[in-house]
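Down below is the structure, laid out as structure tokens.
What follows is calculated from the coordinates using simple rules that are stated; it is not laboratory data. Keep in mind that what you see is a predicted model, and the values were worked out from it rather than measured. All Cβ positions, even for glycine, are placed from backbone atoms using ideal geometry, and neighbour counts span all protein chains on display.
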Amino acid sequence: MGVASLVRVKDVSKRVRQPAVLTIEQFRQVLEHIPEPYRTMCVVAGCLGLRISEVLGLQWRDFDWDTRQVQIRRSWVCGHVGEPKTENSRRPMPVDLALEKILREHRRRLPSSLQSEWVFPSKRTGMPAHPWSAQRRWLLRAGEKVGTMRLGLHAFRHTYSTLLNEHGTDVKVQQELLRHADIRTTMNVYTRAVPERLRKANSKLVRLLLPTGT
């Protein structure tokens, strides 16, 4: 028996677990099992399709309430401020009025000691909260309760993408809302306004995810 016959090659594809994708009803049910501020964190991730590092990297100055958009300027990874994943990741995102309302309420709930530049500060440090403790303490349990195994924070971005597609959003609009890397991206992404077609597609999804009256 040769040496090669004794070597087992693991099937890497089987070890790569795809993030869960939630239905609209599951999304709403999950939120019922997650306390604040993590609930609002999940709402932002689900309604904007942001990566969790981008959600944690949000600062209040990134929001322009007059034009109802948010600029993705940084990420927060392992306790450090970093750049967004790609230049295309910096493109502005539309902020629906329903999501704006939730964010303003979240800011009002923050104690005076946490009224800082960060949208999701930790009670212990004042810097962005650590995401994995929320995943271990709340998301995994919430996922089990709604019938979704191994629910993680990245599931909200996958859910955003899937729902855009299921509800007939143009492929190009999907790409722009998800801010996937594109060789045509130039520095003008820092200042350009959110096109109306992107705002309409995003608002349609937000109104599906957030119950009427939220």
Computed label-point distance, nm, for sites Glu117 and Arg197 using a 7 Å Cα→Cβ extension: 3.6
Just to confirm a number: summing +1 for Lys and Arg and -1 for Asp and Glu over residues other than Lys200 whose beta-carbon lies under 14 angstrom from that of Lys200, what do you get? +2
Simple spin-label estimate for Lys172/Arg207, 7 Å along Cα→Cβ, in nm, reads 2.4
Which order do peptides 108-118, 166-176 fall in by mean Cβ count within 10 Å, highest first? 166-176, 108-118
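Which entries of Lys145/Lys172; Lys145/Lys200; Lys101/Lys200 have Cα-Cα distances beyond 27 Å here?
Details: Lys145/Lys172 35 Å; Lys145/Lys200 32 Å; Lys101/Lys200 18 Å.
Among Lys145/Lys172; Lys145/Lys200; Lys101/Lys200, the Cα-Cα distance tops 27 Å for Lys145/Lys172; Lys145/Lys200.
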Quick one: if you stick a label point 7 Å off each Cα along the C-beta vector at Lys101 and Thr162, how many nm between them? 2.7
